[in-house]
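As structure tokens, the structure follows; a few thoughts come after it.
Every number in this text was worked out from the coordinates using simple rules, so none of it is lab data. If you're wondering where the values come from, they're calculated on a predicted model, not measured in any experiment. Cβ placement follows ideal geometry from the backbone for every residue including glycine, while neighbour counts extend to all protein chains displayed.
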Amino acid sequence: MAYDVAALGELLIDFTQNGRSEQGNLLFEANPGGAPANVLAMLRKLGHSCVFLGKVGADGFGDVLEETLRGAGIDSRGLRRDKAVHTTLAVVHTFENGDRDFSFYRKPGADINLSADELDADALRNCRIFHFGSLSLTDEPVRTATREAISLAREAGALISYDPNLRPPLWDSDGAAREQIAWGLAQCDVLKISDNEVEFMCGTTDFDKGAAMLQEQYPNIKLLNITAGAEGSYSYYGDFRAFEAGCRLGGVIETTGAGDTFCASVLHYVLDHGVDVLTEPQLHEMLRFANAAAYLVTTKRGAIKSMPEPEDVERVLNQM
């Protein structure tokens, strides 16, 4: 079977704050998540065929996640189950402005244990886009599996999409993070990178300067997009630069999945228009849709089960 997008990486449970009990204790909602799977969930909403490659535990949370993939219409043929290591968990600490911080239970976690010999090579050879992030580069054996997956997909002619998705607590050091993130940057055709990641990798808060540095150092990047939270997003393509302000209609609960929703919307545009001959007006069109979709996911908790319908995105676009 041919797929529009294959993604590899973490599939986990995000425990998101959801009020307090009568006794005043924090309540947490178990939301299925993981950046690569979040991207696929939005792409399915947009009508694209998707397959996930990764690993969860042979436990109750793994059952929930496998069922969630199938419920979202994502092919789970590349999902593996680990009998020795539990499903990776994350506790999402939400701040008043909707931003969040993460605490991970991943030393070890099943997603780290995906090995190269467990990859579904046929799925990788039959996708138009392969998407990955840096969390599958933090540890072995999943790091080697990621590199092999990229090689298989590229050899078959797929575009490579990358979102660094920096999570400092998961790295042994900032130096290790920069080294592996840089390796990912050297592999991709389409890059989605956040404002804090530009600062981390380029040492600047000037997006234009950071983009120029990345374009010069990594000429393989055809389409470079920077997300800046509620401020909006930027796109750099050849000599073109586009900016679109973020959606400020209110109702933000927490921002988990916003970047993944944005990334999926960009890949949706690339699938429809290609990446070889884009115009500046098209970059603006792409960013407006991606910003609106990203906004909508922040009005709900979690990610995979909170992805907006295309008609809801259009409704928000009409209000912007």
Spin-label model distance (nm) - K305 vs E231, 7 Å beyond Cα toward Cβ: 3.5
Along the charge dipole of the chain, which of G259, H284, T16 sits closest to the positive end, that is, farthest toward it, with unit charges on the beta carbon of Lys, Arg, Asp and Glu (+1, +1, -1, -1)? T16
Quick one: if the Förster radius is 25 Å, what FRET efficiency do L249 and N18 give, using the C-beta to C-beta distance and rounding to 0.05? 0.65
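What is the dipole size for the chain, taken about its Cα centre, with +1 at each Lys and Arg Cβ and -1 at each Asp and Glu Cβ, in debye to the nearest 20?
Taking the Cα centre of the chain as origin, the dipole is about 400 debye.
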Which is farthest toward the positive dipole end of segment 3-319 among A230, G184, G57, measuring Cα position about the Cα centre, with Cβ charges +1 (Lys, Arg) and -1 (Asp, Glu)? G57
Among T299, T144, T88, which comes first, then next, by fewest other beta-carbon atoms within 10 Å? T144, T299, T88
How big is the gap, in Å, between the Cα center of segment 273-320 and the Cα center of segment 164-183? 28
If I model a spin label at D276 and D117 as a point 7 Å from the Cα along the Cα→Cβ vector, what separation in nanometres do I get? 4.0
Quick check on the exposure proxy: order C263, C202 from fewest to most C-beta atoms within 10 angstrom. C202, C263
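Once the piece of chain linking N196 and D174 is laid out straight, how much longer is it, given 0.36 nm per residue of separation minus the C-alpha distance between them?
Working: separation 22, 0.36 × 22 = 7.92 nm, distance 1.34 nm.
The span from N196 to D174 would gain 6.6 nm if fully extended.
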Counting only helical runs of four or more DSSP H residues, what would the 222 nm mean residue ellipticity of the chain come to if each run contributes -39,500 (n - 2.57) and the total is spread over all its residues? -11500 deg cm²/dmol
Cross-link partners of K55 among lysines (Cα-Cα below 22 Å; sequence separation of 8 or more within a chain): K83, K107, K305
In the chain, if every C-alpha pair distance is counted and binned at 20 Å from zero, what percent goes to each bin? 35, 61, 4
At a threshold of 8 angstrom on Cα-Cα distance, excluding pairs fewer than six apart, so keeping six or more, what relative contact order does the chain reach in percent? 17
Can you give the longest stretch of the chain with no exposed loop site, where a site means GluC sites (Glu not before Pro) in a DSSP loop (not H, G, I, E or B) with at most 12 other C-beta atoms within 10 Å? 97-320
Would you calculate the separation in nanometres between label points at N126 and Y105, each defined as 7 Å from the Cα along the Cα-to-beta-carbon direction? 3.7
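Length gain on complete extension for the stretch D239 to A58, per 0.36 nm per residue less the alpha carbon to alpha carbon distance?
Computed gain between D239 and A58 is 60.3 nm.
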Can you sort W171, W183 so the residue with the fewest Cβ neighbours within 10 Å comes first? W183, W171
